[in-house]
Amino acid sequence: MPIPLLVVIEYPPASLARIEAAGFELHIALTPSEQKKVMETVGADIRAVLTNGSTGFTADDIAALPKLGIICAQGAGYEKVDVAAARARGIVVTYGPGTNDASVADHAMALLLAIARGIPQVDAAVRRGEWTKSRTPRPMISGKKLGILGLGNIGQQIAQRGALGFGMQVGYHNRRPRDDLPYLYCPTPAALAQWADFMVIATPGGAESRSLVDAEVLDALGTDGFLINISRGSVVDTTALIEVLQNQRIAGAALDVLDGEPNVPTDLAALSNVILTPHIAGRSPEAVAATLQLVIDNLLAHFAGRGVLTAVPAD
């Protein structure tokens, strides 16, 4: 018999078909009302949940599913999954470390280049017939200072691309220094911002990092500094960011993630010194395929009575 699986995130039809073919009965619920209906009708039978870090799964959600045995968080994040509530019930929680690191790092560099060189802005200007008017000098990337907030797997890949590809000096801030890496350690986010020409946010989301990049950090980045965020929108104080961009207290920002996405603040969207992409850094075909396969492998391992491949680590 197929195993009942609740899916609370958008998934391509082909990917859903692969999960179904692996032996699962899919119950798709993308909105609170849909989720409530599924829980009322088949909640007593659901044995697995597929979600992601930004959607999560709450303690109340977990409590509504008496047979739940595993929660799979697609991708590297799991900040909105109530891991403590799951563990209290003996429910396994998995995530997807490493499946989209290269894709996210590539996108970070694409955003960095695009905001520094003003690619979307000058493209639009040329299309408006403003060829000569748009030929203003733009900053170089090569040899500049690349500050990375969060030097995990993705942060390290961004550092390698900057250092090896563009000869950039690399600095970082982490919860603790990395003695195994040759980069400059900065003791606070503000110190990193003050040092950097480009500051890339690659730290995990969650309560500990909420508004870690606040008005103080943004002001430290300065009028010639650029902010790039490919982690979670919650890491940046959006109100403070809009204010410094409006007043040109930083040079610009390129954001793949927003707090409260998919809703985009009108004041942010109106700015010409910001580039916005719709949380697609990890959505290369290669990364999507790897993420899907890991989800299937974890589900099959769990229901076969084997240990899962990538359980969320203990605190």
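Worth a mention:
The rows are residues; the columns are (1) in the same structural domain as Ala22 (by TED's automatic domain parsing); (2) over 22 Å from Gly53 (Cβ atoms).
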{"site": "Ile228", "(1), (2)": "no, no"}
{"site": "Asp237", "(1), (2)": "no, no"}
{"site": "Glu243", "(1), (2)": "no, yes"}
{"site": "Ala290", "(1), (2)": "yes, no"}
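- Test: residue in segment 183-191 that is in contact with a helix residue (DSSP H, G or I) (Cβ under 6 Å, 6 or more places away or on another chain), farther than 26 Å from Pro97 by Cβ and either modelled with pLDDT of 95 or more or surrounded by fewer than 18 Cβ atoms within 10 Å (Cβ to Cβ) (or both): yes
- Whenever a residue of segment 49-77 is not assigned by TED's automatic domain parsing to the domain that holds Arg87, it has no partner that is at pLDDT 95 or above lying with C-beta atoms less than 6 angstrom away and at least six residues away or across chains.
- Test result for Asn263, outside the structural domain of Pro13 (by TED's automatic domain parsing) and not charged (D, E, K, R): yes
- The residues on offer are Arg249, Arg232, and the sole one that is among the basic types (Lys, Arg) and either touching a His at 6+ places or on another chain (Cβ under 9 Å) or under 30 Å from Ala14 (Cα atoms) (or both) is Arg232.
- Filter result (under 19 Å from Asn153 (Cβ atoms) and in contact with a Lys or Arg (Cβ under 8 Å, 6 or more places away or on another chain)) within segment 171-196: Gly171, Tyr172, Tyr185
- From the options Ala304, Ala270, Ala251, Ala289, residue that is at negative phi, out of contact with any Pro (no Cβ under 6 Å at 6 or more places or on another chain), surrounded by 18 or more Cβ atoms within 10 Å (Cβ to Cβ) and of a type in the set (Gly, Ala, Ser): Ala251
- Matching residues, segment 233-243, being in a helix (DSSP H, G or I), touching an Asp or Glu at 6+ places or on another chain (Cβ under 7 Å) and either of a type outside the set (Gly, Ala, Ser) or closer than 15 Å to Glu216 by Cβ (or both): Thr238, Ala240, Ile242
Results for (1) in a helix (DSSP H, G or I); (2) surrounded by fewer than 19 Cβ atoms within 10 Å (Cβ to Cβ); (3) touching a Pro at 6+ places or on another chain (Cβ under 9 Å), shown as yes or no for each residue.
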position: Ile9; (1), (2), (3): no, yes, no
position: Leu26; (1), (2), (3): no, yes, yes
position: Ser33; (1), (2), (3): yes, yes, no
position: Lys37; (1), (2), (3): yes, yes, no
position: Thr41; (1), (2), (3): yes, yes, no
position: Leu50; (1), (2), (3): no, no, no
position: Cys72; (1), (2), (3): no, no, no
position: Ala76; (1), (2), (3): no, no, yes
position: Gly96; (1), (2), (3): no, no, no
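- Any hit, segment 231-239, residues being surrounded by 14 or more Cβ atoms within 10 Å (Cβ to Cβ), within 28 Å of Arg47 (Cα to Cα) and of a type in the set (Asp, Glu): no
- When restricted to residues that are touching a helix residue (DSSP H, G or I) at 6+ places or on another chain (Cβ under 6 Å), modelled with pLDDT under 95 and in a helix (DSSP H, G or I), segment 252-291 contains 1.
- Residue within segment 123-131 that is buried (at least 19 other Cβ atoms within 10 Å of the Cβ) and either of a type outside the set (Gly, Ala, Ser) or not assigned by TED's automatic domain parsing to the domain that holds Leu299 (or both) present: no
The values are calculated or read from the model by the stated rules, or taken from the named source; none is laboratory data. This is a predicted model, so every value here is computed, not measured. No Cβ is skipped: glycine too gets one built from the backbone with ideal geometry, and neighbour counts run over all protein chains shown.
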